[in-house]
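Asks: I am attaching a structure below and will ask some questions about it afterwards.
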Amino acid sequence: MSDQNPKLNPNLSPVQANLDSPRPGQSIYDEAILVSGWVHAPGRDPASCHIRAYANGVCFAETRILSSRADVCASLELPPGTRTGFRMLGKIPPTAGEAGEFTLRLEASWNDQNSTTIAEQVVRIVPALLPQRPFGEVLFPQNERLLHRENIYGSGPPIEQPGVEVANLLMEYLPSGSSVVDVGCGAGAYGPGLAAAGHQWIGLEANEYCCEILERRQLPFRRVDLESGQLPCADGEFDCAICIEVLEHTKDPVAFVAEIARSVRQRVLFSVPNLELIPYLHDWGVVPWHLLEADHKNFFTRASLHALLAQSFSRIEIFPYGEHPLRTRDDVQLFVHLFAVAAK
């Protein structure tokens, strides 16, 4: 069994127990404390066992159901199927904002008689701060509401501040002093920076809420009528265009790209989510965060993006950017986005 046995009550030697999780000194969140281990009291009915878990003297979880653990039965030479295992999930009131040491104590009783301390150790409890996390206002332990797809797959608020890496790429690949149309500009995150760098920027946007933000920010823009299937631009009106994280939302990407190509004289810079990293992330059981976006209609690899753009542009070059915090099992870096430079 484990070499990290917690302190046992020396006065009740017949009671044997082990706390598997959490380990001594382990960091755990205050909103999700998993306690697991085993307990065996010879001559006492496992069905009458009641285990409570305390953090600094406050009970936060309990169980009256023991499970059969083959490893414990083998180690203690118990009849197969003897019930010794326990698991409990609990939470404590939010801490003061800083991680701290808590004394975790487990007590067991049989037939609701006197309790016996079966384990005690110190753990580090970290504030989960769920209200400050994405989806934290929906996915919290006390939420009894049955959630549906529309509660999880949604669209976040439009951003007003640019992503640093993509903003730098736009600066690098736009010719100096270009007239630039930002197709699907949202709240205009990239407008002020490009204008400050000497470009003549204007946004195109269909979403009314985003248009209100653009008006509030006093950024130049034109409203797009999605039903018309056309952008409010003359042929070759602009030197360049940018289209950042928009292609994946369009109903007819071929026609949409053609409209952008019609509106420019030189080049267009595109950014889309990179679906190529999904097979590599499978080893960790995760998918990219942006797949929670409900409105995504198109999903790109470098080849499919190139094939789409090649219908309207003569030269396309594509590379990834935006390193994912996880690496592959082989310690190879992964990138969240694809960036395309498409020239007329």
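Asks: Which pairs turn up if I take residues in region 314-334 that are within 30 Å of Ala258 (Cα to Cα) and look for partners that are among the β-branched types (Val, Ile, Thr) and open to solvent by less than 60 Å² (accessible area, probe 1.4 Å) with beta carbon separation below 6 Å, at least 6 apart in sequence or on another chain?
Replies: From residues that are within 30 Å of Ala258 (Cα to Cα), the pairs are Glu317/Val341; Gly322/Val336.
Asks: A further question follows. Report whether or not Glu215 is open to solvent by less than 80 Å² (accessible area, probe 1.4 Å) and of a type in the set (Asp, Glu). First the steps, then the outcome.
Replies: Working: open to solvent by less than 80 Å² (accessible area, probe 1.4 Å): no; of a type in the set (Asp, Glu): yes.
No; evaluated as a whole, the condition is false for this residue.
Asks: Could you tell me which residue of region 291-344 is farthest from Ser271 (Cα to Cα), considering only residues that are among the hydroxyl-bearing types (Ser, Thr, Tyr) and not in a strand (DSSP E or B)?
Replies: Thr328
Asks: Test Ala197 against the stated conditions and say whether it is more than 25 Å from Leu291 (Cα to Cα), touching a residue at least 12 places away in the same chain (Cβ under 8 Å) and open to solvent by 10 Å² or more (accessible area, probe 1.4 Å).
Replies: Details: more than 25 Å from Leu291 (Cα to Cα): yes; touching a residue at least 12 places away in the same chain (Cβ under 8 Å): yes; open to solvent by 10 Å² or more (accessible area, probe 1.4 Å): yes.
Judged against the criteria, Ala197 is a match.
Asks: Every residue in region 76-124 that is of a type in the set (Ser, Thr, Tyr) and either within 20 Å of His50 (Cβ to Cβ) or surrounded by 15 or more Cβ atoms within 10 Å (Cβ to Cβ) (or both), please.
Replies: Within region 76-124, the first condition is being of a type in the set (Ser, Thr, Tyr), and the residues that meet it are 82, 84, 95, 103, 109, 115-117.
Hits for region 76-124 are Thr82, Thr84, Thr95, Ser109, Ser115, Thr116, Thr117.
Asks: Right, next: Can you tell me how many residues in region 245-282 are open to solvent by less than 20 Å² (accessible area, probe 1.4 Å) and either touching a Lys or Arg at 6+ places or on another chain (Cβ under 9 Å) or farther than 13 Å from Ala340 by Cβ (or both)?
Replies: Total satisfying the criteria: 9.
Asks: Can you find even one residue in region 317-334 that is open to solvent by 20 Å² or more (accessible area, probe 1.4 Å) and under 23 Å from Ala206 (Cα atoms)? Break it down stepwise before answering.
Replies: Looking only at region 317-334, we keep the residues that are open to solvent by 20 Å² or more (accessible area, probe 1.4 Å), and these are 317-320, 323-327, 329-333.
Restricting the remaining residues to those that are under 23 Å from Ala206 (Cα atoms) gives none.
The answer is no; no qualifying residue exists.
Asks: On to the next question. Can you tell me which residue is modelled with the highest pLDDT among those in region 283-313 that are under 16 Å from the mean Cα position of the chain (by Cα), surrounded by 11 or more Cβ atoms within 10 Å (Cβ to Cβ) and closer than 18 Å to Val332 by Cα?
Replies: Out of the qualifying residues, it is Trp284.
Asks: Among the listed residues Gln218, Gln200, Gln161, Gln230, identify the single one that is polar (S, T, N, Q) and in contact with a helix residue (DSSP H, G or I) (Cβ under 7 Å, 6 or more places away or on another chain). Full working, then the answer.
Replies: On the way: Gln218 fails: in contact with a helix residue (DSSP H, G or I) (Cβ under 7 Å, 6 or more places away or on another chain); Gln200 fails: in contact with a helix residue (DSSP H, G or I) (Cβ under 7 Å, 6 or more places away or on another chain); Gln161 fails: in contact with a helix residue (DSSP H, G or I) (Cβ under 7 Å, 6 or more places away or on another chain).
Among Gln218, Gln200, Gln161, Gln230, only Gln230 is polar (S, T, N, Q) and in contact with a helix residue (DSSP H, G or I) (Cβ under 7 Å, 6 or more places away or on another chain).
The values are calculated or read from the model by the stated rules, or taken from the named source; none is laboratory data. Please read all numbers here as calculations on a predicted model, not as lab measurements. Here the Cβ is made from the backbone with ideal geometry for all residues, glycine too, and neighbour counts use every protein chain on show. SASA here: full protein model, heavy atoms, side chains in, ligands and nucleic acids out. Shrake-Rupley method; radii C 1.70, N 1.55, O 1.52, S 1.80 Å.
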